[in-house]
Amino acid sequence: MGFVRFWSRTALRRRWRAVVGIALLLGLVGGLSLFAVAGARRTQSAYPRFLSAKHPSTLVVDVGGLSNGGYEELDRIAHLPQVTQARAYAAFYGARWTDQGPALSENFEAIGSIDGRYFVQDVFTPTSGRRPDPARADEIAVNEESARRFGYHVGQEFDFGVASADDVESSESDADDQAIQPRLLEHVRIVGVGSFVEEVLQDDTDRSPLVLLTPAFVAKAKGLETYAWQGLVLKHGDADLAAVQAAVQTGPSGGAAMFRQTSIDEFHAEKATRPVSLALATFGLLAALAVFVLVGQAIGRYLSSEREVGATARALGARPAAVALASAANPALAIGGGIVLAGALAVAASPLMPVGRVGRFEVAPGIDADWTVLLAGGAVLGLGLLAVTLVWTWREAVHRGRAPGPSRRRLFATSTARLTDVSPALATGVRFAVDRGDQTRAVPVWSVMAGAVVAVAALVAAVTFGASMDHLVGTPDLFGWNWNVALVDGAGYGNTNPVTTKDVLGGDHDVATWSGAFFGSDQVDGENLPLLGMEPGATTTPPVRAGRMVMRSGEIVLGTETIRHLGKHIGDTVSTTAGPATIVGTATFPSIGVVHGNHTSLGVGGIVVTEDVPGWARNVGEGDGSEPVPPTYGPNVLFVRYRSGVDPSDATNHLTGIAEKLGDYNGVVVTPPQRSAEIVNTREVNGSSTTLGAAVAVAALASLTVALTAVVVRRRRDLAVLKSLGFTRRQISAAIAWQATTTVLVGVVLGVPLGIALGRLLWSRFAASLQVLSAPVTPMGPILGIAVTSIIAANLIAVVPRRMARSVPSEVALRAE
């Protein structure tokens, strides 16, 4: 062991820069890998941790109007045996009041906490300012959507008025909104802008401007409330849902009750962050692969440079095992130091996580040491690199026993150069790129090429992934929006007029087809499932992925995620309120439905015929009982597809102008494609994936720089011989440039198709996790740019090695001879 210590200390004094370089390379690329994997775990757990800190409801119930026995209904539900805590809010006809009357252009929903909801349960989260004081009626908060639409900000003050329902209904019939007089007028101040718990990861269709009023304000506005939603914390969680829902439906609201299940919101939120987490973890694993390629390459260069010293030690009587152990000691030291540095960098960079919208609501921002990833990841990297070191040591030991001689690759490269009659500088550069050299001065050229392949593949995979994401966002058909616009009546609660709809849309030359749908929900195999009720033969429906659309009562089409969750297949039967239903197909569902209630989204939901939607009978007119009569009110939403060649903007503007004819007074809104929370959130991964890919590429280019420098050092005698044979300084410089170009060309030729395949594979898995239709895109323009840029970068980083090569004196070769 004395020999090992002596040699390792001596080698460390001679080669400390190489040892430090290995440790730095491992620290940087390994830190990137640990950072990405730890960030994936932190991102995926962000929303559940956030939700737990906000004391969430298990179930939220639409109690209906408060004017006739609504408070008694709140009390009745709160005292159900399954309920451990209940908090509610009431809605008001509220507006910012000016000298001219209500500012109707600022169309927000005013919700007031009756008994502490949003203050002690489902707690409102300010992103600027603070929560209002529950005991003050003159303090309010607004959500970020209100701030975005209307320019509200912390510190703003105005008069806030509340009108009665009777006054509003009277003004609608008179078409004179400005004549409304407030029954309560309060000068208020905005003290906070933020988000409600269900808004952190939210579908576009759920975005609505909200104003939060305090319990003190609600007490002053007693008697002016319209409807209420009550949040319930259940004793046994979701296990009590069915019993509570059944008990609620025996009350005044009956079958019309709407529910919002927090676990479904949490499921959507986790589903929204899962692709981001998957992408981060995948790029973290790619960075780990880069660690083994790049650091393994650096270790190989170090051990190759120690070959002559090892041969001398063996000639002096050192045992092979001692020589091998002494050779591996300093790389092992570098691996240990690099692992520590990688962990430190991963922890130092941890405040950049989580990514996506959830990062703004991280309950424990700042430094986070994920010891599971740090210890397990560090062990995998460390043990793996030690194994690589042992392999290199064994290879070098085997080569010491062989007589030096020309390699086959050198002979192949030289003969090829002669056959093609290329310039001597090009032939030499190609030989330097593919030939390791003789056994005493071998250079690990193939591992350098592997690093170039990894760099190009990482960048190409990142841009392929990003282009596919942009294509998804710009192609609504892929995420269930299989039409141009949706006409939604009364935020999903109103009903369009079927007679007027037929006249208006049927006579519109811009419209090719349309179909209506009723919003609802049902217990499907015990799971609360949002539904779309559509007529058999509807021409405009969500895209069916397998099977067919419903044709009759007793059939159902399920979302891809729903059918997986239920453990069912096409042809199986599920239970519903209307009776058994046969699954006839699966579909990608649009993100659309009633505001504040559960609604369909991507892989979640069901389609049934209209009469199988619970509560649909409420819309059936009075008849003689002999046969059903047509509904007096039409669907809650109309899906409209334009004719081919029509300008979508012009057609949408035209529909917006006539939409009020289709339903309630000013109630129908022309709605463009609505993205789900999953798509909104995963757009954040584009920048992250490109950054990670670029980081790997930069590390690979740095490794190429070191490799080219090592080539000049290791091939000093070859360069001197070339100069003595007549090579000019310019030809020597060109040879090094051709070596760099050849290395990167191999990386481009192999890395581009590998990166395209990897990017498309990652996107296909990503799309499957989103429950959208997979349509990967190959962006040839950016990929060509990567190829050209890689070659230019290789020649730029070869500038210093080229200067070193030109300065090698020919006397080196003469002295050696």
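The values are calculated or read from the model by the stated rules, or taken from the named source; none is laboratory data. On a predicted model such as this, the values are computed, not experimentally measured, just so you know. Note that we place each Cβ from the backbone using ideal geometry, even for glycine, and neighbour counts take in every protein chain shown. Accessible surface areas use protein heavy atoms only, side chains included; no ligands, DNA or RNA. Shrake-Rupley method; radii C 1.70, N 1.55, O 1.52, S 1.80 Å.
One table, with the values for the structure above:
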quantity: Residues of region 278-295 satisfying the condition of being of a type in the set (Gly, Ala, Ser), modelled with pLDDT of 85 or more and open to solvent by less than 10 Å² (accessible area, probe 1.4 Å); calculated: 284
quantity: Residue ID - farthest from residue 476 (Cα to Cα), chosen from residues in region 740-780 that are assigned to a loop (DSSP other than H, G, I, E, B) and of a type in the set (A, V, I, L, M); calculated: 777
quantity: Considering residues of region 466-482 that are of a type outside the set (Ser, Thr, Tyr) and in a loop (DSSP other than H, G, I, E, B) only, the residue most open to solvent (accessible area, probe 1.4 Å); calculated: 474
quantity: Considering residues of region 231-243 that are open to solvent by 30 Å² or more (accessible area, probe 1.4 Å) and part of a helix (DSSP H, G or I) only, the residue modelled with the lowest pLDDT; calculated: 242
quantity: Condition broken by residue 37, with the remaining ones in (1) at pLDDT below 90; (2) buried (at least 22 other Cβ atoms within 10 Å of the Cβ) satisfied; calculated: (1)
quantity: Test: residue in region 547-563 that is within 22 Å of residue 265 (Cβ to Cβ), touching a helix residue (DSSP H, G or I) at 6+ places or on another chain (Cβ under 9 Å) and at pLDDT 95 or above; calculated: yes
quantity: Subset of region 774-783 [under 24 Å from residue 480 (Cβ atoms) and open to solvent by 50 Å² or more (accessible area, probe 1.4 Å)]; calculated: 774
quantity: Tally, over region 256-305, of residues that are farther than 30 Å from residue 604 by Cβ and either under 19 Å from the mean Cα position of the chain (by Cα) or among the acidic types (Asp, Glu) (or both); calculated: 2
quantity: Only one of 188, 162, 193 that is closer than 22 Å to residue 54 by Cα, in a strand (DSSP E or B) and out of contact with any Cys (no Cβ under 6 Å at 6 or more places or on another chain); calculated: 193
quantity: Odd one out for residue 734 among (1) farther than 30 Å from residue 601 by Cβ; (2) modelled with pLDDT of 85 or more; (3) under 22 Å from the mean Cα position of the chain (by Cα); calculated: (3)
quantity: Restricting region 102-114 to residues that are buried (at least 17 other Cβ atoms within 10 Å of the Cβ) and either over 34 Å from the mean Cα position of the chain (by Cα) or of a type in the set (S, T, N, Q) (or both), the residue that is farthest from residue 491 (Cα to Cα); calculated: 114
quantity: Residue match in region 731-739 (condition: in contact with a Pro (Cβ under 6 Å, 6 or more places away or on another chain), part of a helix (DSSP H, G or I) and closer than 26 Å to residue 290 by Cβ); calculated: yes
quantity: Test for residue 126: is it of a type outside the set (A, V, I, L, M, F, W, C), touching a Ser or Thr at 6+ places or on another chain (Cβ under 6 Å) and in contact (Cβ under 8 Å) with a residue 60 or more places away in the chain; calculated: no
quantity: Total residues in region 200-230, condition in a helix (DSSP H, G or I) and either open to solvent by 10 Å² or more (accessible area, probe 1.4 Å) or small (Gly, Ala, Ser) (or both); calculated: 7
